[in-house]
1. Counting other beta carbons within 10 Å of each residue's own, what order do C:LEU547, B:LEU77 fall into, fewest first?
2. For chain A, what is Rg from Cα atoms divided by 2.2 N^0.38 Å, rounded to two decimals?
3. Taking each residue of C:589-599 in turn, how many C-beta atoms of other protein chains fall within 10 Å of its C-beta, and what is the average?
4. Report the far tail of the P(r) of the range B:119-188, meaning the percent of Cα-Cα pairs longer than 18 Å.
5. Roughly how big is the range B:119-188's charge dipole about its Cα centre, with Cβ charges of +1 (Lys, Arg) and -1 (Asp, Glu), in debye to the nearest 20?
6. As a footprinting exposure proxy, order C:MET498, C:MET364, C:MET292, B:MET261 by other Cβ within 10 Å, with the fewest listed first.
7. Could you give the nm distance between label points at B:LYS161 and A:VAL82, where each point is 7 Å from its Cα heading toward the beta carbon?
8. Distance from the Cα centre of the range A:72-106 to that of the range B:228-261, in angstrom?
Amino acid sequence: MSESEKPVTMESYIKLCSIIFTVVLCAVGGMIWASFLPHTGWTGKVVIILAIAAVNAFLVAGYLMHLLSEKKLIYAVLVFTVFFVIGLAGLTLWAMNDFPTGTAVH
Amino acid sequence: MEIPYTVENRPDTGIYNAKLGIWLFLASEVMLFGGLFSAYVLLRTGAEPGMWPHGWLDVRLGTLNTILLALSAITTLLAWAACKVRDFGKFKFFHACTILLALSFLCVKSYEYHDKFIHYEIALNDGTFADGHLEEKSPDFDLKAKTGTITILGRIVNDRKELMDLRTYKPVNSKIEIKVADILKMQNYGPWHNTYTAIYFTMTGLHALHIIGGTIVIFYIWAFNRKMWKTDPERFTNRVEVSGLFWHFVDLVWIFLFPVMYLT
Amino acid sequence: MQATVQQFPPYRPDDADEAAAHDHGHAHHEPNFLSKYIFSTDHKVIGIQYGFMSLCFLLFGFFLMLLMRWQIAHPAMAVPLFGSLIHWACGDMAPAVKDQAGNLMGYAISPELYNAFGAMHGTIMVFLGIVPLAFAAFGNYVVPLMIGAPDMCFPRVNMASFHAFFLGGVVMFASFFIPGGAAQAGWTSYSPLATTIPTNGQAFWLVGMVLLITSSLLGAVNFIATIIQLRAPGMTWMRLPWFVWAQFVTAFILLLAFPPLEAAGVLQLMDNALGTSFFLPTGLAVAGKVGMASGGGSPLLWQHLFWFLGHPEVYVLILPAMGVVCEIIANNTRKPIWGYKSLVYSVLFVGFLSFIVWAHHMYMTGMGQTIATFFQITTMAISIPSVIILTCLFLSLWGGSIRINTPMLFALAFLPMFGIGGLTGLPLGLAAADLYLHDTYYIIAHFHYVVAPGSLFALFAGVYFWYPKMTGRKMNEFWGRVHFWCSFVFMNLVFMPMFAQGIKGMIRRMSDGGINYSAAHVPGAIDTLPQNIMELNWWIFAAAVGLGLSQIPFIINIFASMWIGEKVGTNPWQATTLDWHTPTPPPHGNFPSEPHVVRGPYEYSAPGHEHDFLPQAEFPNAAHAAHAHH
């Protein structure tokens, strides 16, 4: 069902899609370039690459899934989901790297 | 009583039923792939230093797949837009493109999988390691009986660490013949090879299953739901939108999967 | 979310025939047996399908427990009555017991078989018993009725969800009959044990779990969408019966907590079937051999992924049950529930917090103090909203005009039983005490108190309560009370002694009942299990048998009352909620005309009215609808 009252035309969507596709291609190129950077450690590369991937994801989710024009209800569901994923990953990582004091170093 | 809000939006939430349904389902999928990504992070950070592979996957093929999938996401959106402007011809065209792009993605992926299954790491009796693609086996090849010879296109290294980081230790391959009698252990790069291949096959495999599922649904709507276009075009458009949302999610997963597996 | 009747597209009874015509055409011809009872998309039929299957599985799981308690009380002795049956089903896992002369005395339960019973008892009771009964059966049947909806949001997804559950149940049941037997690594299926046990039963368990998880996910999507989208006009969020709120939060928990376990299940299945090492550490030795798998994995990873679901799962077990108790207490005290708003905010808070407490099941895994502190804080915090909920339910009794009937008896018993279960959980939430009590019978007693005389009593109450809506007859009151009192007494006799056993150090999952650690067996050793603790095993077994016999009146009552039960009208309990304002049994589409909700869910004993209850909704188009439906 239409979310907005603006008239929908194929031309407007094709224009939007061309822009997004171009940006996505640039982002992919950027990630590949970042992964071959000569004087950066793997941690640094991971951070840069994931940041670019996040931009990519934002475009796909925001425009192609029209999340930017979606209702508050959907945002609420996704905010909780993201919180729980971060909780799962973060707490598990923390738990597996926190050791009782005075015991052998792992 | 009919079930309300299957097509028109409910006033206070502003959406129709199936759209809420698909977003809820996608939230559970975020948790599913999130769980798998967490497992990836844990396995990688917990691995012995120097023993986590880099460069085992062909970046060119991965990039090709990324472009195919991104393009299919675009065509999916355009197919929905065509429905909104009631242009059935354009809808048919764009979703046919989506289906073809999806099938191409799967073909490239199958090729990549096959490549891993014919790539062997061979521990030799003298403590060195041979590594490469299996070219041929002699007719009397028998691993248990230790007879025969095999030919690989690869190299022999002394330290297993050199097999891990292919960015640093760029392989120079040549045809090598190995006697089976010299082989201590021979294993291909399947999921059992190490935790990297395990998580790679699991995540890309599950992703591929989602691609197959999404393709089947989109194909079904494209081929068999045409009657609904005539009787209830708004409901048809909603189906296209909902299946398109699933497809975009599949693309979203690949957006993270590609850099994580191929580039880092 | 205003208090006024919302403006929705009007229900047009004149268009009913027209709508039916270009609808799926089901309104005008009688569906055949298959589409009416097996492949139905009607939420009420699906609810009953779930209910029937889950009750059968509960009985089967109970039977497994009886066999285990026998083994504990009489280690390695031939099983009476059922020995040959077990041997027929499980083969050499139930070895023959011969006397000195070599004559066959019967068949006993081997340690492997005991472990299989243990693992499957837990799995079946949780995933094939309580969850489908509490969430899927009662939820499916009652929730659309309570919110004034014609059906669930996605009826065909609902049907798919039931069939996935059915298949999962078949796979789990079938695993007993394969060589090597059913899963034996506990319902928690910890790696590396789950990967190294030489049976395909573990793979069956994993496949069954994937099917059951899929069923729950589909159900959860359906419930949430239904509750959000299909509330009748005027049914604002704060007018929902609390049962619906409880099911809503439960559905969210299932939706978001199950997928990591599904992921983990796939990973463990790959470890089992494909030789990967997600959860197998480097250097693992199995039967003396090292290096059979690549290694590099982490057994702890499985535990984290499992308990990420495992903890929210227990809230799935209890919240719908609390919802049932709330409805029954309101109805049988003839007054509104005390603290409706507190109940709503508490259940939301419980649902949210339940996702970040899971590692209190893992205090013994060598966690550091910092992370243990984090989980202790969240675990203690989550007890607060749980207590608020229990307190509101208790306080609802004050000043009430209490009507005693079988559902009310079970609902009243739920309160102190859940209280015991909850209070005994507090030391377990604190790492210092848990270090001693973990994996002892204290834990078994704790969680059984919340689930068995807790959840299950509430669900029994629900069966007695909603039976008249499903069938038009009440279950027999006398036998209902017999069922209640016998179950109540025997439940406590079974589980209360286990606290003592646990505190004395009896570890769980011991197939010999602890005899190898008993004072009689190793005299002179310190901290052995004293004789009085060991003797409790026999009393617990006897009480378990009594508990089993107590269920017979219930089973007979369910079936017999369908034919000879007291016939009643559409609202025999004089309830306010919408589910009691449909015809009995509710027809396809539930409400002949659209309900318009005008007041809250518990308007009992409002002053100045003729009756002591006010129905939640009015039906302004009723006359019109009666006309259109000729």
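1. Values: C:LEU547 23, B:LEU77 26.
Ranking C:LEU547, B:LEU77 by Cβ neighbours within 10 Å, fewest first, gives C:LEU547, B:LEU77.
2. Values: Rg = 20.1 Å, N = 106, 2.2 N^0.38 = 12.9 Å.
Ratio of Cα Rg to 2.2 N^0.38 Å: 1.56.
3. On the way: counts 3, 1, 1, 1, 1, 2, 1, 0, 0, 0, 0.
Taking all residues of C:589-599 together, the mean is 1.
4. Roughly 31 percent, rounded to a whole number.
5. Values: 11 positive and 12 negative charges, 28 e Å.
Here the range B:119-188 has a charge dipole of around 140 debye.
6. Working: C:MET498 23, C:MET364 11, C:MET292 14, B:MET261 18.
With the fewest neighbours first, C:MET498, C:MET364, C:MET292, B:MET261 line up as C:MET364, C:MET292, B:MET261, C:MET498.
7. 4.0
8. Using only Cα atoms to place each centre, the spacing works out to 30 Å.
Bear in mind these aren't lab numbers, they're just calculated from the coordinates by the rules spelled out. These numbers come from a predicted model, not from an experiment. As a convention, Cβ positions derive from the backbone with ideal geometry for all residues, glycine included, and neighbour counts pool all protein chains shown.
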